[in-house]
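Asks: I am attaching a structure below and will ask some questions about it afterwards.
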Amino acid sequence: MKFDLVLKNGTVVRPSGKTREDIGVIDGKIAALGNPGQLSGEKELDAKGKVILPGVIHSHVHMREPGLTYKEDYESGTKAAAAGGITMTIDMPNVQPPTTTVERYQEKMAIAAEKAYVDFQHWPGPSTAQAVRDFARMGGIPGIKEFMVRDPKAKYPHMPELAIANHGDLFKLMNATAEAGLPMLVHGEDPDLMAAIAEPFLGTNTKEARFASYNFNDWWFSTRDIGSMVAILIARLTRMKLHVLHMGQGRYMHRYVRWAKKEGQDITGELESTWLVERQTDPVRRKWLELGNYRPECDYAEELWEAVNDGTVDCMLLEHAPHHRKEVLAAEKDVWNAPGGLAAIQDMVPLLLTQVNKGKTSLERFVLLTAENPARLAGIYPRKGAIKTGSDADFVIVDMKAKKTITEKEVISKVEFTPWDGYTCKGIPVHTIVRGKVVMENDKIVGEKGWGEYIPSSNGK
């Protein structure tokens with residue numbers, strides 16, 4: 001059998017272990033797995049000395065399109081994803097207008113189809129039970145995303161149209177989501193408490209004031225702890241599958257998720273892994289992290305690594321929340337109206353593989369938390385997230401011994417900066433392959449705009 005593409009001599013990594021295999025691809029699918037030297041193809045990539053991972057799925061991306069494309073769009077964002085070893089993105093509904101209706105969802109996916117370099121999906125954010133039912137009737141969506149948050153002053157990125165601040169409203173949405181058989185992703189928050197805590201600090205316009213407000217009673221983002229526990233308990237009432245976002249940004253969120261799992265609740269959790277990268281001493285990197293509302297120190301990082309390794313964490317990523325350099329720098333003078341979050345899609349994989357090389361977790365666990373589990377969550381496994389016969393031929397080939405220093409001049413995102421400028425990573429993606437097509441090779445984008453496909457989900461009844 002002659003294959004379109006053969007990956008030769010590499011070490012294939014799955015959650016179950018490592019094997020030496022060649023992989024044969026036909027028409028964008030994995031057609032055969034064979035012993036080294038057994039397969040031949042029209043095109044062959046020699047992965048000797050490297051590892052072949054299933055394509056990484058980034059399930060917490062903000063592409064900012066439509067309406068906010070000066071920050072990012074599908075072309076720049078998916079191009080950065082390809083450069084970073086990511087083969088599929090699933091992005092969020094806080095755009096303008098927000099994705100609260102079927103019509104807006106369809107329009108957004110049509111935009112993505114014209115521009116994307118990698119495959120894509122989207123979490124819509126319906127604000128009524130009827131809208132949830134409308135999405136369920138349409139089918140194909142991976143799930144629902146809800147924000148339990150109103151910022152004390154800023155209107156973005158926590159858009160008022162998406163704020164589900166009332167617990168009764170959340171209960172109704174969760175009931176409808178449970179009836180639809182869909183998972184719900186929740187950004188947990190207690191906005192009334194958030195406003196009360198922030199109130200004494202609103203007149204002091206420095207990032208230190210914002211940190212002080214978020215660190216009330218020595219809790220880091222205390223309102224996220226409280227909001228997430230509320231979401232867990234309401235989801236428990238409705239028997240809905242809940243996916244808790246931003247673990248790590250609340251001091252105890254991972255403990256709550258661990259408890260709920262032990263209680264038998266249908267729940268998964270996503271770890272915001274910025275705090276898994278070691279503490280930064282460089283003053284410039286520290287500044288960018290602080291301006292993005294990421295405190296450079298985390299006193300419980302080892303506890304988070306335990307959660308990664310004991311099964312508490314289901315998805316591990318660095319949220320891609322791009323804001324233009326000028327917006328982020330504005331926080332030095334107007335912190336309460338400056339957007340939080342940082343662009344991470346291009347740097348995430350090498351940053352996390354650096355920690356794998358340091359022995360914090362295994363390569364098998366990395367594959368589970370960045371490929372297989374996100375695919376299962378989104379209802380696209382085993383089409384995605386697996387190296388199996390019949391799966392899409394999505395791979396990232398990584399040189400685990402290679403080192404590279406992240407530099408601002410290589411940033412593809414529209415943000416024009418990276419908080420990791422000057423940081424040296426070990427464990428570098430050298431090829432990104434989407435449905436059998438090489439889209440990144442040795443730091444060069446070789447894919448085509450519009451190659452990315454919409455991947456429908458099997459979630460829902």
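Coordinate-derived values only; no laboratory data. A quick note: this is a predicted structure, and the numbers were derived from the prediction, not measured. Cβ coordinates were reconstructed from backbone atoms using ideal geometry, including for glycine residues, and neighbour counts include every protein chain displayed.
Asks: Among all the aspartates and glutamates, which ones have a C-alpha under 12 Å from Lys404's C-alpha, if same-chain residues fewer than 8 places away are not counted?
Replies: Asp347, Asp421, Asp443
Asks: What's the Cα-based Rg to Rh of segment 237-317, Rh via Kirkwood?
Replies: Looking at segment 237-317, the ratio lands at 1.05.
Asks: Continuing with the same structure: Tally the DSSP beta bridges in the chain and give the antiparallel ones as a percent, rounded to 5. Walk me through the numbers before you get to the answer.
Replies: On the way: 32 of 65 bridges.
Taking every DSSP beta bridge within the chain, about 50 percent pair in antiparallel fashion.
Asks: Among 133-142, 199-208, what's the highest-first ranking by average C-beta atoms within 10 angstrom per residue? Show your work: numbers first, answer last.
Replies: Working: 133-142: 18.3, 199-208: 13.7.
Top to bottom by mean Cβ count within 10 Å: 133-142, 199-208.
Asks: Turning to a different aspect of this structure: Name the trypsin sites (Lys or Arg not before Pro) in segment 1-47 that are in a loop by DSSP and that have at most 13 other C-beta atoms within 10 Å, would you?
Replies: Values: sites: Lys2, Lys8, Lys18, Arg20, Lys29, Lys43; in loops: Lys2.
Those that pass, being in a loop and sparsely packed, are Lys2.
Asks: Identify all aspartates and glutamates with a Cα-Cα distance to Lys444 below 12 Å; exclude those on the same chain that are fewer than 8 residues away in sequence.
Replies: By straight Cα distance, Lys444 reaches Glu410.
Asks: For the peptides 53-63, 427-437, what is the packing order when you average, over each peptide's residues, the other Cβ atoms within 10 Å and list the highest mean first?
Replies: Values: 53-63: 27.6, 427-437: 23.2.
Those peptides, ordered most packed to least, come out 53-63, 427-437.
Asks: Within segment 397-427, list the GluC sites (Glu not before Pro) lying in a DSSP loop whose Cβ has at most 14 other Cβ atoms in a 10 Å radius. Intermediate values should be presented prior to the final figure.
Replies: Details: sites: Glu408, Glu410, Glu416; in loops: Glu416.
Passing sites in segment 397-427 are Glu416.
Asks: Take the alpha carbon atoms of segment 56-133, find their center, do the same for segment 15-36, and report the distance between the two centers in whole angstrom.
Replies: Computed from Cα coordinates, the inter-centre distance equals 30 Å.
Asks: Arrange the peptides 281-293, 73-85 so that the one whose residues have, on average, the most other Cβ atoms within 10 Å appears first.
Replies: Put in order of decreasing packing, that is 73-85, 281-293.
Asks: Enumerate the whole-percent occupancy of each 5 Å bin, from 0 to the last occupied one, for all C-alpha pair distances of segment 54-104.
Replies: Going from the shortest bin to the longest, the percentages are 5, 22, 28, 23, 14, 7, 2.
Asks: Amide H to amide H under 5 Å from His246: which residues, 5+ apart in sequence or cross-chain, H placed 1.01 Å off N in plane?
Replies: Those lying under 5 Å, H to H, from His246 are Glu270, Glu272.
Asks: Using Cα centres only, tell me the gap between segment 349-399 and segment 416-455 in whole Å.
Replies: 15
Asks: Arrange Ser222, Ser40 by Cβ neighbour counts within 10 Å, fewest through most, would you? Can you show the working numbers first?
Replies: Numbers: Ser222 21, Ser40 14.
So the residues, fewest neighbours to most, are Ser40, Ser222.
Asks: Taking a ≥ b ≥ c as the square roots of the eigenvalues of the Cα gyration tensor of segment 389-453, is the shape rounded (a/c under 1.5), prolate (a/b larger than b/c) or oblate?
Replies: Values: a/c = 2.81, a/b = 1.48, b/c = 1.90.
In terms of gyration-tensor shape, oblate.
Asks: List the residues, sorted by chain then number, that are 5 or more residues from Ser391 or on another chain and whose placed amide H is less than 5 Å from its amide H.
Replies: Ile30
Asks: Now for a separate question. Helix hunt in the chain: which complete DSSP H runs extend at least 24 Å axially by C-alpha with mean Kyte-Doolittle at least -1.0?
Replies: Values: long enough: 222-238 (25 Å, 0.88).
Helices meeting the span and hydropathy rule in the chain are 222-238.
Asks: Once you put a point 7 Å from the Cα of Ala195 and another 7 Å from the Cα of Glu297, both along the Cβ direction, what distance in nm separates them?
Replies: 3.3
Asks: In the calculated pair distance distribution of segment 56-377, what percentage of Cα-Cα distances lie above 37 Å?
Replies: Details: 4433 of 51681 pairs.
Beyond 37 Å sits 9 percent of the P(r) for segment 56-377.
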